[in-house]
1. Could you pull out the residue among 62, 101, 48 that is among the aliphatic types (A, V, I, L, M) and either assigned to a loop (DSSP other than H, G, I, E, B) or under 22 Å from residue 25 (Cβ atoms) (or both)?
2. Quick check on residue 73: is it of a type in the set (Val, Ile, Thr) and surrounded by 18 or more Cβ atoms within 10 Å (Cβ to Cβ)?
3. For the range 104-121, which residues satisfy the criterion of being within 22 Å of residue 41 (Cβ to Cβ) and either open to solvent by 40 Å² or more (accessible area, probe 1.4 Å) or assigned to a strand (DSSP E or B) (or both)?
4. Suppose we keep only residues that are of a type in the set (S, T, N, Q) and more than 17 Å from residue 57 (Cβ to Cβ) within the range 76-95. Which one would you say is most open to solvent (accessible area, probe 1.4 Å)?
5. What number of residues within the range 1-35 are within 14 Å of the chain's Cα centre (by Cα) and farther than 13 Å from residue 97 by Cα?
6. How about the range 52-69: which of its residues are open to solvent by 70 Å² or more (accessible area, probe 1.4 Å) and within 10 Å of the chain's Cα centre (by Cα)?
7. State yes or no: is residue 98 touching a strand residue (DSSP E or B) at 6+ places or on another chain (Cβ under 8 Å) and open to solvent by 40 Å² or more (accessible area, probe 1.4 Å)?
8. Among what's in the range 14-51 and is aliphatic (A, V, I, L, M) and either touching a Cys at 6+ places or on another chain (Cβ under 8 Å) or under 12 Å from residue 117 (Cβ atoms) (or both), pick the residue that is surrounded by the most Cβ atoms within 10 Å (Cβ to Cβ).
Amino acid sequence: VELVESGGGLVQAGESLTLSCAAPGLTFSDYAAGWFRQAPGKERERVAAISVGNSTTYADSAKGRFTISRDNVKNTVYLQMIGLEPEDTAVYYCAVDRWLANVVQGIGDYWGQGTQVTVSS
């Protein structure tokens, strides 16, 4: 199963983007999901995660600006980002796993290929 991310791009500081991650062929409702990002020269970090029951958790850097949500009918998880800052520039990845605890730790059964988000100042 390959997750397919979309929605990245180049925006100016203060603008918004919504990333999508589709999981075709997966019983998506059985999986927790998460968004991660990796900036050049930095380690990958978890941005947000959502459980099967729609409980959410966010990195401190994302709280108040990013919202993770899921649509089990469309087999898709979203990351809505507002008030983007140059520090948010990174490749964003989604991942799914049957256990939220694994997603929170950066472990996933399946990963996407990543989508670039670039925020100019």
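The values are calculated or read from the model by the stated rules, or taken from the named source; none is laboratory data. All values reported here derive from a predicted model rather than from experimental measurement. FYI the Cβ positions are ideal-geometry reconstructions off the backbone, even for glycines, and counts take in every protein chain you see. With ligands, DNA and RNA removed, areas are computed over all heavy atoms of the protein, side chains included. Shrake-Rupley method; radii C 1.70, N 1.55, O 1.52, S 1.80 Å.
1. Numbers: 101 fails: either assigned to a loop (DSSP other than H, G, I, E, B) or under 22 Å from residue 25 (Cβ atoms) (or both); 48 fails: either assigned to a loop (DSSP other than H, G, I, E, B) or under 22 Å from residue 25 (Cβ atoms) (or both).
Only one candidate qualifies: 62.
2. For residue 73, the condition - of a type in the set (Val, Ile, Thr) and surrounded by 18 or more Cβ atoms within 10 Å (Cβ to Cβ) - is not met.
3. Of everything in the range 104-121, those that are within 22 Å of residue 41 (Cβ to Cβ) and either open to solvent by 40 Å² or more (accessible area, probe 1.4 Å) or assigned to a strand (DSSP E or B) (or both) turn out to be 111, 112, 113, 115, 116, 117, 118, 119, 120, 121.
4. The extreme case among them is 89.
5. Qualifying residue count for the region: 11.
6. Within the range 52-69, no residue meets the criteria.
7. Values: touching a strand residue (DSSP E or B) at 6+ places or on another chain (Cβ under 8 Å): yes; open to solvent by 40 Å² or more (accessible area, probe 1.4 Å): yes.
Criteria met by residue 98.
8. At the first step, the residues of the range 14-51 found to be aliphatic (A, V, I, L, M) are 17, 19, 22-23, 26, 32-33, 39, 47-50.
Checking the rest, the ones that are also either touching a Cys at 6+ places or on another chain (Cβ under 8 Å) or under 12 Å from residue 117 (Cβ atoms) (or both) come to 17, 19, 33, 39, 47.
Details: 17: 19, 19: 25, 33: 28, 39: 14, 47: 23.
Top of the filtered list is 33.
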